[in-house]
Amino acid sequence: MADEEQKSTMTRRRFIRNSSLIAGGAAIGGGLLGTLIGMNLDEEERTSPNKLTGHNQSGNGQASNRALMYFTDKENFQVLSAAAERIFPEDDNGPGAIGLGVPYFIDHQLAGNYGNNTREYMQGPFPEGTPTQGYQSPLKRHQIFDEGIRMLKEISQKNHQKKFDELTGEEQDKILTQFDTGKVKMRGVDSTTFFNLLRSAVLEGAYADPLYGGNNNMDGWKMKNFPGHQGSYLSQIEAKEFKEIQPQSLHAFFK
Amino acid sequence: MAKKLPKVDVVTIGVGWTGGIIAAELAKKGLKVVGLERGKDRSTKDFLMVHDEYRYAIRYELMQDTSRETVTFRNEAKERALPMRQLGSFLLGEGLGGSGVHWNGHNFRFLPYDFEIKTMTEKKYGKNKLGADYLIQDWGITYDELEPYFDTFEKMAGISGEDNPLGGKRSNPYPTPPMKETVITKRFKDAAKKMGLHPYHLPSANLSKSYKNPDGEQLNACQYCGFCERFGCEYGAKTSPNVTVIPTAQKTGNFELRTHSNVTRILHDGKKATGVLYVDVLTGEEFEQPADMVAVTSYVMNNNKLLLTSKLGKPYDPKSGTGIIGKNYCYQILPGAAGFFEKERFNTFMGAGALGATVDDYNGDNFDHSDLDFIHGGSLSITQTGIRPIQNNPVPPDTPRWGKDFKDKSIHYFNRVLNIGAQGASMPHRQNYLDLDPTYKDAYGEPLLRLTYDFTEQDKNLYKFIADKSAEIMKEMGADTVVTNKAAEKYNIVPYQTTHNTGGVIMGADPNTSAVNNYMQMWDAENVFVIGASAFPHNGGYNPTGTLGALAYRAAEGMAKYSKQGGSLV
């Protein structure tokens with residue numbers, strides 16, 4: 001086991017080294033390079049049974065990043081988690097949003113560039129536009145999530161006198177559908193915009209590289225038979241049959 | 001007060017495909033070239049972490065920072081334009097190499113019909129085929145005249161391909177053989193052949209084998225890793241300016257690259273440009289760079305914007321139909337069909353940006369339009385670009401957008417769906433144009449460019465016809481369910497469609513109807529060359545890079561000539 005581990009680490013190191021050589025350019029010809037990559041891949045494949053034992057590449061099994069960067073009130077995080085799980089529920093295919101760590105992914109994203117719209121044009125004025133003109137709210141994404149979660153809580157209290165995360169799945173779906181169809185009145189933004197943001201964020205968390213805190217154990221990828229980060233498919237691209245390949249995340253570069 | 005720098009022979013505004021080609025060609029000839037690039041430097045070694053769909057494809061790592069610069073948009077002139085606050089319909093690039101870094105590498109030549117579209121359409125279908133609101137015009141150059149420049153661009157880029165049975169004549173074969181045949185490309189070709197169509201392998205800038213270009217730049221062989229569009233290539237196997245023309249320019253010793261340098265003005269005396277004004281983005285310092293020739297080589301949007309803010313050329317006025325700059329803005333029409341296969345799974349996660357097969361039977365005037373209510377058409381391709389899980393959640397129609405059923409079906413069909421898509425030609429219309437926004441400003445206090453655009457009847461008719469053809473091929477390929485895409489009623493700037501924006505600084509033979517001649521030289525300022533897809537009088541039925549690359553080599557030849565003799569080149 002230890003031996004196998006070492007071997008695959010070496011392989012990856014060699015991959016990085018080879019890739020640097022490509023970057024260097026002049027030192028190495030393309031033909032030779034192709035051969036190296038091919039060898040590399042073969043070696044990687046030989047050592048892959050090791051990975052099949054369920055080694056957690058994501059590093060977030062007991063991960064140090066499973067805490068909150070954005071939400072301050074844990075109840076809001078629980079509401080978000082419950083809503084995310086309804087959008088992407090656990091089923092026979094595998095884990096749902098909660099099992100994949102999606103709520104942590106969303107929390108972390110809300111704390112950074114995504115939540116603060118740092119690379120987006122946020123200067124006014126903000127008159128109402130047509131649907132084809134896109135997002136025109138002065139609200140940043142983290143504020144839209146705050147408002148959306150506030151309304152999720154408010155509606156479930158009003159309709160059921162319960163917390164959103166205590167409702168049955170059907171009850172939760174009914175409320176989420178109201179958001180989806182734009183029937184909930186929200187401050188500064190329409191509820192469909194919030195719902196679409198939430199839906200996209202859930203799918204992003206389910207399927208982004210595990211380095212972002214979701215897609216735990218690459219289970220999102222495994223459900224879809226998506227192999228994640230692979231150096232090369234040169235030797236498989238012409239295959240007639242469907243290839244099931246053990247996925248690999250970007251952590252492969254840092255072992 | 002701007003600091004005035006020593007004069008150089010040539011300054012390029014932007015260093016992507018067109019700026020890089022100009023820099024390489026003129027620096028090789030001994031001219032002193034300065035390249036001003038607003039973004040950062042980057043090369044192959046910066047793409048090692050690129051297999052990250054979220055960072056690159058969803059959060060747009062390589063794209064323009066719209067907090068600093070964007071466009072405003074409205075469907076029609078009576079509406080108020082509002083900012084495109086986040087990228088959507090098209091993905092503007094930023095940084096060294098520009099969009100040439102994150103393209104997929106589809107490298108076509110526009111058809112002979114494209115360059116003489118007005119003459120040929122009128123000859124065959126009469127003067128009123130489309131009506132007076134459609135501003136189609138000849139390009140002022142023919143395919144045969146442009147052929148040597150296509151050839152030069154393809155050799156520089158090492159394009160992998162095979163003859164297109166319905167394309168223009170080639171003086172030379174592609175420099176490298178076509179990419180590999182896969183189950184998917186073969187399936188498409190077999191179906192197309194059975195239907196009497198003429199399939200061929202898509203010409204690709206993801207190289208089928210390693211290749212040294214005539215400038216001595218080494219390109220590597222594609223690994224089919226499935227991360228091309230929106231990503232840079234960590235192998236140096238997708239041709240980009242960064243692995244070809246930029247290093248070529250740098251090796252001459254005559255090219256100075258200045259990154260983080262955002263040009264805000266082309267300076268001129270009313271007849272000729274004297275240089276440019278730019279801001280060091282990191283320090284805020286302002287510089288004047290005098291030059292004998294100015295090459296306007298940013299993307300379509302900023303080429304138009306800079307001419308308008310610098311008051312070079314006559315702005316287009318849609319009411320009177322006079323003026324040029326901003327006129328003939330075109331996009332691309334994207335009909336297609338999806339096929340759902342119940343019993344088969346495909347290796348769709350493998351691939352390369354330009355791995356695919358194409359038919360041109362419904363492109364240009366390769367089919368008779370006498371009984372049709374549109375002109376032109378589009379190339380129809382199946383591509384195996386490598387699908388990724390965040391962006392690809394294919395479900396049959398009437399499936400909910402979320403919840404148990406959505407999850408189950410989007411997982412089930414992830415590897416069971418194939419798509420045929422067209423690059424449909426886009427014809428200019430008098431109501432589709434670019435000008436300056438009266439309200440919104442960029443990070444330097446300059447007005448944002450304003451886009452007024454909607455789909456036309458021509459677009460919708462073309463869409464329907466081509467979508468039906470896509471569905472026919474998909475049926476022949478054996479899909480259990482074929483979903484024919486439907487044309488949108490209105491152009492919507494939110495969902496991604498394509499980064500094939502064209503026009504606004506169009507080329508032609510007549511100074512009254514064009515901004516630049518067929519060397520990309522401005523009629524109104526003989527030492528200003530505006531190079532890129534901004535010069536296209538309409539957008540053809542292909543991805544634009546191959547054609548704009550050819551025009552850039554043509555412009556480089558013109559600029560070299562101009563440096564010796566001056567004056568108008570035509």
request  = Note down the nm distance, to one decimal, between modelled labels 7 Å out along Cα→Cβ at B:Thr322 and at B:Lys561.
outcome  = 3.1
query = By a straight-distance test (C-alpha under 16 Å), which lysines pair with B:Lys194 as possible cross-link partners, with residues fewer than eight away in the same chain excluded?
reply = B:Lys186, B:Lys469, B:Lys475
ask   = Can you list, largest first and rounded to whole Å, the semi-axes you get for the stretch B:219-292 by taking the square root of 5 times each eigenvalue of its Cα gyration tensor?
value = 34, 16, 12
query = Peptide B:403-409: average number of partner chain Cβ atoms within 10 Å per residue?
reply = 6
query = Of B:Leu355, B:Pro511, B:Tyr562, which is farthest along the charge dipole of the stretch B:3-565 in the positive direction, counting Lys and Arg as +1 and Asp and Glu as -1 at C-beta?
reply = B:Leu355
message = How much accessible area per residue does chain B have, counting only protein heavy atoms and a probe of 1.4 Å, in square angstrom?
response = 33
request  = Please average, across the residues of B:182-189, the number of beta carbons from any other chain that are within 10 Å of each residue's own beta carbon, and give a whole number.
outcome  = 2
key: Rg to Rh, two decimals, where the stretch B:48-204 supplies the alpha carbon set and Rh follows Kirkwood   = 1.03
message = Order A:202-213, B:46-57 from most to least packed using the mean count of other Cβ atoms within 10 Å.
response = A:202-213, B:46-57
ask   = Taking R0 as 56 Å, what's the FRET efficiency between A:Asn159 and B:Asn461 from their Cβ-Cβ distance, rounded to 0.05?
value = 0.70
query = Under unit Cβ charges (Lys, Arg +1; Asp, Glu -1), what dipole magnitude, rounded to 20 debye, does the stretch B:104-254 have relative to its Cα centre?
reply = 540
inquiry  = Using only the alpha-carbon atoms of chain B as identical scatterers, what base-10 log of I(q)/I(0) does the Debye formula give at q = 0.06 Å⁻¹?
reply    = -0.27
query = Carbon and sulfur: what percent of the stretch B:449-544's accessible surface (1.4 Å probe)?
reply = 48
key: Carbon plus sulfur fraction of accessible area for the stretch A:74-219, probe 1.4 Å, in percent   = 47
query = By how many nm would the segment from B:Lys193 to B:Lys311 lengthen if fully extended, with 0.36 nm per residue of separation less the alpha-carbon distance?
reply = 37.2 nm
query = How many Å² of accessible area per residue for the stretch A:74-219, probe 1.4 Å?
reply = 40
query = Full extension from B:Thr119 to B:Asp144: what is 0.36 nm times the residue separation minus their Cα-Cα distance, to one decimal in nm?
reply = 7.4 nm
Spherically averaged projected area in nm², based on the convex hull that wraps the Cα atoms of the stretch B:190-239 = 5.0
note = Expressed in angstrom and ordered largest first, the alpha-carbon extents of the stretch A:164-255 along the principal axes are 54, 33, 27
query = Average partner chain C-beta neighbours within 10 Å, per residue of A:88-101?
reply = 2
The stretch A:74-219 shape via C-alpha gyration tensor axes, a/c threshold 1.5 = oblate
query = For the stretch B:3-565, with only Lys/Arg (+1) and Asp/Glu (-1) charged at the beta-carbon, what is the dipole magnitude about the Cα centre, in debye rounded to 20?
reply = 620
inquiry  = Could you report the buried accessible area between A and B, both sides summed, computed with a 1.4 Å probe and given in Å² to the nearest 100?
reply    = 6500
message = Suppose R0 equals 60 Å. What FRET efficiency, 1/(1 + (r/R0)^6) with r the Cβ-Cβ distance, do B:Lys251 and A:Ala239 give to the nearest 0.05?
response = 0.90
note = Taking only the alpha-carbon positions of the stretch B:489-546 as identical scatterers, the Debye log10 I(q)/I(0) at q = 0.13, 0.17, 0.21, 0.26 Å⁻¹ comes out as -0.40, -0.61, -0.79, -1.01
inquiry  = Place a point 7 Å from Cα of B:Lys4 in the direction of its Cβ. Which residues in the stretch B:250-273 have their backbone N less than 19 Å from it?
reply    = B:264-273
request  = Enumerate by residue number the trypsin sites (Lys or Arg not before Pro) in the stretch B:474-513 meeting two conditions: DSSP loop (anything except H, G, I, E, B), and at most 16 other Cβ atoms within 10 Å of the site's Cβ.
outcome  = B:Lys486, B:Lys490
request  = Quote to one decimal, in nm, the extra length available between B:Arg401 and B:Asn512 on full extension: 0.36 nm per residue of separation minus the C-alpha distance between them.
outcome  = 34.8 nm
request  = Count neighbours as other Cβ atoms within 10 Å of each site's Cβ, and list the GluC sites (Glu not before Pro) in the stretch B:234-317 that are DSSP loop with at most 15 such neighbours.
outcome  = B:Glu285
query = Given N residues in the protein assembly as shown, what is Rg(Cα) / (2.2 N^0.38 Å)?
reply = 0.94
request  = Hand me the GluC sites (Glu not before Pro) from the stretch A:74-183 located in a DSSP loop with no more than 12 other Cβ atoms within 10 Å, in residue order please.
outcome  = A:Glu128
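The values are calculated or read from the model by the stated rules, or taken from the named source; none is laboratory data. None of the values given here were measured: they were computed from a predicted structure. Here Cβ is always computed from backbone atoms with ideal geometry, including for glycine, and neighbour counts include all displayed protein chains. Heavy atoms of the whole protein, side chains included, go into the accessibility calculation; ligands, DNA and RNA do not. Shrake-Rupley method; radii C 1.70, N 1.55, O 1.52, S 1.80 Å.
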